[in-house]
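One structure is given below, encoded as structure tokens.
The values are calculated or read from the model by the stated rules, or taken from the named source; none is laboratory data. This one's a predicted model, so the numbers in the text were calculated from it and none came from an experiment. Cβ atoms come from the backbone with ideal geometry, glycine included; neighbour counts cover every protein chain shown. To get the accessible areas, we keep the full protein, side chains included, count just its heavy atoms, and leave off ligands, DNA and RNA. Shrake-Rupley method; radii C 1.70, N 1.55, O 1.52, S 1.80 Å.
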Amino acid sequence: MSPSKVRSLARQYAGMTPSEISNHEDWVRRFKAERAEAEARKAEAERQYGVELQAMTDLDAVRETLRVTCDEYENDADRALQMLSMAGFVRSDKPHLVDA
């Protein structure tokens, strides 16, 4: 945020009545709570997806990984590795994490 935008918001906040400040703070609290709830739902969905991947056969897990991460425009190797890891494909050593 630019310094001029910060100054403008500070002037606006300074001109608020106590009731307006209270309403604004309530809105900020609700906004933060909604964001936290959305993040928690997203994390739970990702965890559940990992459970589903682990329940698949190896072949089905690889097919699902390819379905999600590969298309004609882009191959998302990082997401593919994450999904395979969630499915239980894990190396005991980590040489693949070092860039060449």
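Rounded to a whole number, what % of the accessible area of the chain do carbon and sulfur atoms account for, probe 1.4 Å?
Exposed carbon and sulfur together represent 55 percent of the surface.
Mind listing the Cα extents of the chain along all three principal axes, in Å, largest one first?
Principal-axis extents of the Cα atoms in the chain, largest first: 63, 33, 31 Å.
Would you mind finding the longest exposed-site-free stretch of the chain, with exposed GluC sites (Glu not before Pro) meaning DSSP loop and at most 13 other Cβ atoms within 10 Å?
No qualifying site falls inside 1-71, the longest such stretch.
Figure the gain on full extension for Gln54 and Trp27 (residue separation times 0.36 nm, minus the Cα-Cα span) and round it to one decimal in nm.
5.7 nm
Calculate, for the chain, the solvent-accessible area per residue in square angstrom, rolling a 1.4 angstrom probe over the heavy atoms of the protein chains.
84
Filter the chymotrypsin sites (Phe, Trp or Tyr not before Pro) in region 5-79 down to the DSSP loop ones having no more than 15 other Cβ atoms within 10 Å, then list what survives.
Here the chymotrypsin sites (Phe, Trp or Tyr not before Pro) that fit, given the DSSP loop and packing criteria, are Tyr73.
Take every Cα pair under 8 Å in the chain that's 6+ residues apart, average their separations, divide by the length, and report that relative contact order as a whole percent.
Relative contact order of the chain: 21 percent.
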